[in-house]
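What follows is a short report on a single structure.
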Amino acid sequence: MPRTLDGQITMEKTPSYFVTKEAPSRVCTMNCQTKLIVVVRDPVTRAVSDYTQTLSKNPGLPSFQSLALKNSSTGLIDTTWSAVRIGLYAKHLENWLQHFPLSHFLFVSGERLVSDPAGEMGRVQDFLGLKRVVSDKHFYFNQTKGFPCLKKPEGSSRPRCLGKSKGRPHPQIPSEVLQRLRDFYRPFNHRFYQMSGQDFGWD
């Protein structure tokens, strides 16, 4: 990480940190005072989105249900598949809480980031001890992508939106497979709500 002067904040974004077993101890070795922002979303939607992204790069991928289920007749969920395993937020948080207190975390709702980006960004600014500068006036909703985008920043010729890999339509997944996943995640979600002190309302 670059050197940070007093009055500066250095930020770094890596989606895999939260789910990588060795990451908490490595981050703490660097600086145990680090503040951690984790964006989470409904783990079922997250798994489908993960699959959709992989499918776009690898069109020969087996079906979602054949990857999510160990056995279609028993309906057991395959937790070795990363798209499923990543959504076990309570398990990942347990690992992080061995190195960092809960007060060092801000959990951002992926759903609210879409429905109320300024509200969630307000929470982020407060958590980082920043003056609230980013507000509603900085966002507009892009109908094509289905996501909010940043309005044209000063000195830029166009607005900032999420890349091409975001906002693509999801494949049709059998409703019974989605229901099995919801049932599977429910106890993990409730444990995560208890641990984080936030109810994300995923079920």
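The values are calculated or read from the model by the stated rules, or taken from the named source; none is laboratory data. Fair warning: this is a prediction, and the values are worked out from it, not measured in the lab. Methodologically, a virtual Cβ is constructed for each residue, glycine included, from the backbone with ideal geometry; neighbour enumeration extends over all protein chains shown. With ligands, DNA and RNA removed, areas are computed over all heavy atoms of the protein, side chains included. Shrake-Rupley method; radii C 1.70, N 1.55, O 1.52, S 1.80 Å.
Structure above, values below:
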{"item": "Pick from region 155-185, criterion in a loop (DSSP other than H, G, I, E, B) and among the polar types (S, T, N, Q), ranking: modelled with the lowest pLDDT", "result": "SER165"}
{"item": "Scan of region 95-106 for residues that are in a helix (DSSP H, G or I) and under 12 Å from CYS28 (Cα atoms), ordered by number", "result": "TRP96, LEU97, HIS104"}
{"item": "Residue list for region 77-94, restricted to those being closer than 21 Å to GLN198 by Cβ and either part of a loop (DSSP other than H, G, I, E, B) or open to solvent by 40 Å² or more (accessible area, probe 1.4 Å) (or both)", "result": "ILE86, GLY87, LEU88, LYS91, GLU94"}
{"item": "Qualifying residue in region 195-202 (condition: open to solvent by 30 Å² or more (accessible area, probe 1.4 Å) and more than 16 Å from the chain's Cα centre (by Cα))", "result": "yes"}
{"item": "Criterion violated by PHE105 - all others in (1) touching a Lys or Arg at 6+ places or on another chain (Cβ under 9 Å); (2) aromatic (Phe, Trp, Tyr); (3) without any contact (Cβ under 8 Å) to a residue 60 or more places away in the chain satisfied", "result": "(3)"}
{"item": "Search result, residues across region 45-76 that are assigned to a strand (DSSP E or B) and under 14 Å from ILE173 (Cβ atoms)", "result": "LEU69"}
{"item": "Any hit, region 138-154, residues being among the β-branched types (Val, Ile, Thr) and at pLDDT 80 or above", "result": "no"}
{"item": "Any hit, region 85-92, residues being within 30 Å of LEU69 (Cβ to Cβ) and in contact with a Lys or Arg (Cβ under 6 Å, 6 or more places away or on another chain)", "result": "yes"}
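Table: residues versus (1) outside any loop (DSSP other than H, G, I, E, B); (2) open to solvent by 50 Å² or more (accessible area, probe 1.4 Å); (3) modelled with pLDDT under 90; (4) of a type outside the set (Asp, Glu).
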| site | (1), (2), (3), (4) |
| --- | --- |
| THR4 | no, yes, yes, yes |
| GLN8 | no, yes, yes, yes |
| MET11 | no, yes, no, yes |
| ARG26 | yes, yes, no, yes |
| GLN33 | no, yes, no, yes |
| ILE37 | yes, yes, no, yes |
